[in-house]
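Working notes for the structure below.
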Amino acid sequence: MILSKLTVQGFKSFAKRVDLKFDGKITAVVGPNGCGKTNIVDAIRWGLGEQRPSILRTDRMENVIFGGAQSSKPLGMAEVSITFDNTDQLLPIDYSEVTITRRLYRSGESEYLINKNRVRLKDINDLIMDTGIGADAYSVIELKMIEDILSDRAEDRRRLMEEAAGVTKYKHRLRAAMRKLDATQNDLLRVNDIISEVERSVASLKRQVGRARRYKEYQELVQELEIKTSSHIYTNLKKEIEPLQKELEQLKQQKDGSSTEITKEEADLESIRLTLTEQERDLVRIRESMSQLIETIHKRESDIRVGKERASSLRERITRYSREIEDLKKRLEDQENHLVVTGRNREVLQVKITSSSRIFENKKKELEVFQQGLNLKRLTLNDKKKAVIECLEQINSLSSSETNLQTKIDNFQGRMERLDEEDQKYRSILKSSESQSGKVRSIIDSLNSEYSGLKDHFESLRNDEKRLISEIDKLRERFFDSRSRLELIEGRLDFYKNMLDNQEGVSDGAKWLIKQNTPGLIGILADLINVKNEYKQAVSAGLGEASGYILVERMSQAFVALEKLKQRGGGRASIISLDSAGKAPVMSKVKIKNPDKIIGWAHELVTYDKKIEPVVKYLLNDLVIVEDIESARELIDNNDLQGIRVATLDGEVVSTWGSLQVNDTRDKEHSLIGRMHRIEELEKEAGSIKKKVEELKKQIEEKEKHIEKTREMLSKSEQEAYLLQDKIKKNEYEFSQIEFETKKADDGIKANADERQKLLKEIETSKAAIEDIRPQIEALMEKREKIDLESARIQSEIERLEEEEHTKEEDVHKLNLGLVRLKGEAKNLDYDIERSKNLIEEIRNTIEQRFSEINESEKEIEELEKSREDTGKLLEQNFAEKDEKDKLLEQSEAKYQELQQELQQKEREVREVRRGREQIAETLHSLELRIAELSHDMKNIKERIMESYEIDIEKVKPDENLDVEKAEEEVVELKRKMKGLGAVNLMALVEYDEQKERLDFLVQQREDLLSAEETLNETIKKINRTARTRFTEVFSEVRKNFKDTFGRFFQGGEADLRLPEGEDPLEAQIEILARPSGKHSRDLSLLSGGERALTAISLLFALYLVKPSPFCILDEIDAPLDDANVERFTRVLKEFAEKTQFIIVTHNRMTMKAAQALYGVTMEEKGVSKIVSVKFDDRVPAEA
């Protein structure tokens, strides 16, 4: 595979399309500095996918697009196409010719193509991977890269070695596998954490499922019974409301009859209003007519004034324009005289211009003929100088060869001295290695013993960590249980507070009065008293609706509240005042024969503020509380309890006059009495649980700190173990190094003996070559002196001719300046003539316009005078008409006043009829309120059932045989059982199934991740093993080739590549050892620039011998070499050109001679590069 063609358009300094064909094995690119040679190298790099702007010598990628020059506009796109001959199928694609194209637009969009088909950058990288032609491979070598290869940065050398070994793709795969392994391990940790949390959740939910199922069964039974009882009550309310609605219809008919009478009276009233409106309309019409007439009078008076002012203005304009015409006639005469004088001056100037032009052209032709002769002389001088340069090059070449041979002799002799020194050094190494080996071995045994003890301590800490984790899990379970209990209590607390805030169980009217902050209002009775839970139902039943009474301080305030309620539109509310309750008679306590049967008097069992004592005694002084209904009956039968009521703990109320009241006490939680006290109890319990939660949280934090400390100790022990292992490895490495040095010293002594024999033969051969070179140098020096004399003579003659050329150029320049000045004067006169003509035409047009405007003004004055006379006559007629309309207006206003008085009398009669209808409406309203109250109760039942169970009560068929009392008792019993279950999480039924399913899924995921982790570990081991084997094999081959190529460049020199023993070959630093012939040191920093360059080139050629790159670009790497080293370089380059195609950017002539084709880069226009190509087989130049 070879690089056959490069096409560049719009890239950096190449504005126009440029095609470079690479037919030869060595192609040179030459040209002066700054003309764009290296831009060709950048184009190849960029076309192969280079993404780093710094490598392309720019700060942003869009700067590679041609940015414009002095006569060239900026382009919007850069394009580079690289064509390869792929007949050997080195590129893995079924084409014999492959073209890779890259485009970049100023918008930032880019395109990549292979054989004109759009692809991704990754596709191009995959195509050229391991071929040696990547953007960062060794296919492009710069002078700076030679320094990088020989610097202390080992990664640069390693990258080249890995590219040759084909390890790059393995490293890509290894990094991808490592990323996947890290992600898998992170996922595994996360899944383990989630599984432990879900397992705890599943265990907790499993305990809650049983209670939730029983609770749900009770709840369904309660729902069924409540719907049946509600349906029964709803049907009774519906029956009660029907007769009320019939009565309401009768009242509406009476109201409609009175409405008919009102309608008749209102019709008469409307007739009067209509007559009044017509009269009012006539009055308005007369007034409008009067107003229009006055407006017409004002307008005509204004027209007369405006006409007078306009006529005066026109007379002033006529006078002004007459004066202006006289001035314009004078200016016209002056401009016509100026035009005649200027025309004569222009004719005289044209004669001078014609004469000067003829003289200038003659002098210019004489100068051009003279300059042609001078250029011929200069060409002759250049030929002589080239001949001198050729002599000097030959002399320098021979001198360099002589110097090199003498240097070689000195180096060989110095090498023999160094061989003696090395032998002495090797013997010293053998002696010291024997004593160090035993010491290092004993240190290794001691470190192994210490490592074993540290490992036991590490296991002990690991057991402590597991124990602490178990304790934390138990504390967390208690913490979550307490927090669940706290959330339940807070939910109940919110429920009671919401009841209190919304005043549930209180009538709408009472709620409204509380919200209005009614003056003197104390509150709801139920919120102002408290009672123990066991007496709550009895007291609540005894109070009945009175528990929702509003308490105010004075009776007057109660009346104000009722008035406000009426103004609102009604509403139900019961109000009691403290001052009235205090005046009411209180029943004295009755003596009871069997006091053991009673629990107590209700007002004594209730706690309250002393302030409301009159109300409490008034409402509860007649109420006795007993255990059950049997005790109540026995109490009434055995005592004379006139006016006394008896309440049981279950909420039944029995009166001595024979009534028995059973109240709805199914839900104690919704009782109005004691809500405030219950809120206080719940807040106290919530505070206690919060403290417990905080204590558990602190215990968990302490345990977590303890486990963190244990983990720190674990980490510290692990670090100490790592350091011990590192020490053991270092001592083992030192031991193996000692053994290596011993073997190396033995081998060195043997190798030095063989090298001494070779050096003696080389010294004799070099001395003979020096004797042959010296006569050739003397002959070339004589030839150079003759050419120098001839060149001096020609140079003298050229200097004389150049002085004469300068004189002639000055004469031509003076004539040109005079001609330019005369043409400028002529142009100014032409402009003056044109300006005068335009001004004359403008003055004539202005005079004509002014005469026309004077005539128009005189005509307009006549018309204004006539219009003023006509307007005066019309104005007299308008004043007469105004007098007649004033009389008509007075008559119309008198009639309007009479109709208004009649209307007021009729309105009083209609109001009397309306009062009768309003009395009917009030009765109707009272009936509607009662119907509304019953409808409200029905609506509440309907909404409560809909809200609680989402069932329409009207669609439920009522059970006529339902025993409501028995059904309510069953509901109470069921709710008691539900309450006995305590806090129940109904969502546990669904959550348990969901969490269990989630746990099974997560366990399966963990198994998959563990399997993936094992597979990835095995893959990483396999990649490392394969890459390590491949790298070691190639490194050995490159090392062998490097010794050989270095010996070719530095005859008698030594070089080697080494990897530190005991380290991973894929990560170890590559050490370069280089010692040119005649030098002792192997330190690369002590080599000269030329020696560094040759060392780097020899390493690159060693890489090529392993895996030759299809093509290689060398960018001025021969700059630091002298002629002798360049000759060696080109000799070896030709050898390698049999397998590799070379493109060389150079300034060196000897390197140019080695090329089969030459491309010259020029910059005729600043900022725009051009290409000139030469093939050395035909020497015919061609411009691109």
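Every read-out reported here was derived from the displayed coordinates using simple, explicitly stated rules and does not represent laboratory data. Keep in mind the model is a prediction, meaning the values are calculated, not measured. Note that each Cβ is placed from the backbone with ideal geometry, even for glycine, and that neighbours are counted across all protein chains shown.
What does the net charge come to around Arg645 if you take all other residues with beta carbon closer than 12 Å to its beta carbon, with K and R at +1 and D and E at -1? Here the count lands on -2. Per-residue Cβ neighbour counts within 10 Å put Cys1112, Cys391, Cys35 in the sequence Cys35, Cys391, Cys1112, beginning with the fewest.
Computed over the chain, the Cα gyration tensor eigenvalues convert (square root of 5λ each) into semi-axes of 108, 77, 24 Å, ordered from largest to smallest.
In order along the range 1124-1135, the phi-based Karplus estimate (6.51 cos²θ - 1.76 cosθ + 1.60, θ = phi - 60°) of 3J(HN,Hα) comes to 5, 5, 5, 5, 4, 4, 5, 4, 5, 4, 5, 5 Hz; Gly and Pro are listed as x. If R0 is 60 Å, the Cβ-Cβ spacing of Lys238 and Lys583 corresponds to a FRET efficiency of close to 0.90. Got a sec? How would Val41, Val369 order by Cβ neighbour count within 10 Å, fewest to most? Going from sparsest to densest Cβ surroundings: Val369, Val41.
Identify all lysines with a Cα-Cα distance to Lys169 below 25 Å; exclude those on the same chain that are fewer than 8 residues away in sequence. Partners found: Lys122, Lys180, Lys1021, Lys1022, Lys1040, Lys1107, Lys1139. Using the Cβ of Pro519 as centre and a radius below 11 Å, the other residues enclosed give a net charge of +1, where K and R count +1 and D and E count -1. Near Lys216, which lysines are there with a Cα under 24 Å away, not counting those fewer than 8 places off in the same chain? Of all the lysines, those that pass the test against Lys216 - Cα under 24 Å, at least 8 places apart if same chain - are Lys206, Lys228, Lys668, Lys942, Lys966, Lys975, Lys977, Lys979, Lys996. A Förster radius of 41 Å combined with the Cβ-Cβ distance from Lys5 to Asp788 puts the calculated FRET efficiency at roughly 0.30. Mind checking which of Asn855, Phe1042, Tyr608 is farthest towards the positive end of the chain's charge dipole, using Cβ charges of +1 (Lys, Arg) and -1 (Asp, Glu) about the Cα centre? My answer, from the dipole projection, is Phe1042. Mind checking the angle between helix 168-502 and the chain's longest principal axis? C-alpha axes, 0 to 90 degrees, to the nearest 10. Approximately 20 degrees, to the nearest ten. Averaging the Cα positions of each part gives two centres, and for the range 823-872 and the range 319-340 these lie 12 Å apart. Plugging the Kirkwood radius over Cα pairs into Stokes-Einstein for the range 26-125, at a temperature of 20 °C and a viscosity of 1.002 mPa s, what D comes out in µm²/s? It comes out at roughly 141 µm²/s. In the chain, helical runs assigned H by DSSP with n ≥ 4 each contribute -39500 (n - 2.57); averaged across all residues and rounded to the nearest 500, the mean residue ellipticity at 222 nm is -26000 deg cm²/dmol. Here r is the Cβ-Cβ distance between Arg281 and Met946 and R0 is 56 Å; the resulting FRET efficiency, rounded to 0.05, is 0.40.
Across all C-alpha atoms in the range 287-409, the radius of gyration and Dmax reach 48.7, 139 Å.
Under 5 Å between amide hydrogens, built in the peptide plane, is the criterion, and for Glu553 it picks out Ile522, Leu578 among residues at least 5 positions away or on other chains.
Under the combined filter of DSSP loop state and at most 10 neighbouring Cβ atoms within 10 Å, the range 49-109 retains these GluC sites (Glu not before Pro): Glu109. Comparing Cα centroids, the range 732-809 and the range 179-252 end up 102 angstrom apart. Between the helical axis of 988-1049 and the longest alpha-carbon principal axis of the chain there is an angle of about 10 degrees.
Segment Val990..Asn115, full-extension length gain: 308.8 nm, with 0.36 nm per residue of separation and the alpha-carbon distance subtracted.
Each other residue within a Cβ distance under 13 Å of His298 adds +1 if Lys or Arg and -1 if Asp or Glu, for a net charge of +1. Between the helical axis of 629-638 and the longest alpha-carbon principal axis of the chain there is an angle of about 20 degrees.
Computed about its Cα centre, the charge dipole of the chain is approximately 2780 debye, with only Lys, Arg, Asp and Glu carrying charge at their Cβ.
Label positions at Ala183 and His806, each projected 7 Å from the Cα along the C-beta direction, are separated by 7.8 nm. Straightening the chain between Lys611 and Ile389 buys 66.9 nm, computed as 0.36 nm per residue apart minus the Cα-Cα spacing. Straight-distance candidates among the lysines for linking to Lys808, with alpha-carbon spacing under 28 Å and chain neighbours fewer than 8 residues away dropped: Lys352, Lys363, Lys364, Lys365, Lys377, Lys823.
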